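Asker: Shown below is the structure under consideration.
The values are calculated or read from the model by the stated rules, or taken from the named source; none is laboratory data. As the structure is a computational prediction, the values presented were derived from the model and not from experiment. Glycine gets a Cβ as well: all are built from the backbone with ideal geometry, and neighbour counts include every protein chain shown.
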Amino acid sequence: MITVIDLKVGNMGSLINALKFLNIDFEIVDSIENFIDPEKIILPGVGSFSAASSCLFESGFYEAISKEVLGNNVPILGICVGMQLLAEIGFEGGKSRGLGFIKADVTKISRVDKSIRIPHMGWNSLESIDYPIFSDLKANECVYFVHSYEMKLKESISFSTVDHGGEIVAYVNKGHIHGVQFHPEKSQSSGLSIIKNFVMSC
């Protein structure tokens with residue numbers, strides 16, 4: 001059973017449809033009272049880091065998720081802002097705390113070349129897919145991005161990038177902790193494979 005955490009800042013509809021299409025058993029949890037013995041966790045998110053951070057801490061999910069992921073080694077997949085929340089600090093909407101699972105900051109994408117569009121929006125291929133979560137993907141398969149802030153790593157962990165006028169971290173992996181900056185639930189067959197691989201293999 002996959003536990004999908006609803007912080008009220010996630011794209012729940014598309015993710016739910018993807019999980020149903022894949023015939024994956026899941027439950028949506030929007031309060032810590034119902035967050036009981038998760039086998040694997042998906043943390044989706046859209047919108048600003050600060051809004052997601054407020055929901056994370058005010059709801060009590062910060063402590064609950066930390067206990068399961070750090071204390072019980074429950075695998076987690078953060079999607080978009082959900083990935084950003086794995087970091088220590090985010091600066092969108094003011095300086096806010098994340099879960100701190102990964103030593104990183106989340107900062108606004110900045111490019112000297114002003115022809116590079118921000119937000120980063122659209123279909124792009126990943127620079128490296130040599131990880132189990134991408135095991136069914138072919139080289140140059142594309143996934144869908146929409147974001148204006150990026151994760152800046154401050155520790156040496158496994159990661160994949162995307163080129164958008166410069167490298168942007170698109171995937172992070174630290175043991176049983178995974179995050180994708182793109183939206184697998186909106187990335188057609190490629191994204192469905194990624195979700196399935198997390199559930200079955202990661």
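Asker: Which residue pairs have Cβ atoms under 6 Å apart, sit 6 or more places apart or on different chains, and have a first residue in the range 50-76 that is under 13 Å from LEU86 (Cα atoms) and a second that is among the aromatic types (Phe, Trp, Tyr)?
Answerer: Taking only residues 6 or more apart or on different chains, the pairs are LEU56/TYR62.
Asker: Taking the range 189-202, which residues are under 18 Å from ASN124 (Cα atoms) and either touching a residue at least 40 places away in the same chain (Cβ under 8 Å) or part of a strand (DSSP E or B) (or both)? It would help to see each step written out before you state the result.
Answerer: Filtering the range 189-202 for residues under 18 Å from ASN124 (Cα atoms) gives 189-195.
Passing the criteria: SER190, GLY191, LEU192, SER193, ILE194, ILE195.
Asker: All but one of (1) in contact with a Pro (Cβ under 8 Å, 6 or more places away or on another chain); (2) in contact (Cβ under 8 Å) with a residue 60 or more places away in the chain; (3) among the small types (Gly, Ala, Ser) hold for SER135, so report the exception by its number.
Answerer: Going through (1) in contact with a Pro (Cβ under 8 Å, 6 or more places away or on another chain); (2) in contact (Cβ under 8 Å) with a residue 60 or more places away in the chain; (3) among the small types (Gly, Ala, Ser) one by one, SER135 breaks only (1).
Asker: Quick one: SER187 ticks every box in (1) crowded, with 18+ Cβ neighbours inside 10 Å; (2) more than 27 Å from ASP25 (Cα to Cα) except a single one, so which number is it?
Answerer: Here SER187 clears every test but (2).
Asker: Still on this model: It is to be established whether one or more residues within the range 127-134 are assigned to a helix (DSSP H, G or I) and of a type in the set (A, V, I, L, M). Write out each step before concluding.
Answerer: Narrowing the range 127-134 to residues assigned to a helix (DSSP H, G or I): 132-134.
Filter once more, so that each one left must be of a type in the set (A, V, I, L, M): 133.
For the range 127-134, residues assigned to a helix (DSSP H, G or I) and of a type in the set (A, V, I, L, M): present.
Asker: While we're here: Being more than 17 Å from ASP105 (Cα to Cα) and of a type in the set (D, E, K, R) is the filter; apply it to the range 41-92 and report the residue that is modelled with the lowest pLDDT.
Answerer: If we take residues in the range 41-92 being more than 17 Å from ASP105 (Cα to Cα) and of a type in the set (D, E, K, R), then GLU58 is modelled with the lowest pLDDT.
Asker: Cβ-Cβ below 7 Å, separation at least six or inter-chain, first residue in the range 96-117 and modelled with pLDDT of 95 or more and surrounded by fewer than 20 Cβ atoms within 10 Å (Cβ to Cβ), second aliphatic (A, V, I, L, M) and in a loop (DSSP other than H, G, I, E, B): which pairs?
Answerer: Partner pairs satisfying both residue conditions: ASP105/ALA87; ILE109/ILE118.
Asker: Yes or no: the range 148-155 includes at least one residue that is of a type in the set (A, V, I, L, M), crowded, with 18+ Cβ neighbours inside 10 Å and in contact with a His (Cβ under 9 Å, 6 or more places away or on another chain). Steps first, answer last, please.
Answerer: Restricting attention to the range 148-155, the residues satisfying the condition of being of a type in the set (A, V, I, L, M) are 151, 153.
Add one more test, that the residue is crowded, with 18+ Cβ neighbours inside 10 Å, and what stays is 151.
Okay, now just the ones that are also in contact with a His (Cβ under 9 Å, 6 or more places away or on another chain), so none.
No, the range 148-155 contains no residue that is of a type in the set (A, V, I, L, M), crowded, with 18+ Cβ neighbours inside 10 Å and in contact with a His (Cβ under 9 Å, 6 or more places away or on another chain).
Asker: Give the residues of the range 60-91 that are assigned to a loop (DSSP other than H, G, I, E, B), closer than 20 Å to LYS154 by Cα and under 16 Å from the mean Cα position of the chain (by Cα), sorted by residue number. If you could, list the steps in order and put the result at the bottom.
Answerer: Of the residues in the range 60-91, the ones assigned to a loop (DSSP other than H, G, I, E, B) are 60, 72-75, 80, 85-88, 91.
Those left that are additionally closer than 20 Å to LYS154 by Cα: 80, 85-88, 91.
Answer for the range 60-91, where residues must be assigned to a loop (DSSP other than H, G, I, E, B), closer than 20 Å to LYS154 by Cα and under 16 Å from the mean Cα position of the chain (by Cα): CYS80, LEU85, LEU86, ALA87, GLU88.
Asker: Suppose we filter the range 148-183 for residues that are in a strand (DSSP E or B), over 12 Å from the mean Cα position of the chain (by Cα) and of a type outside the set (A, V, I, L, M); how many remain?
Answerer: Residues that pass the stated criteria total 9.
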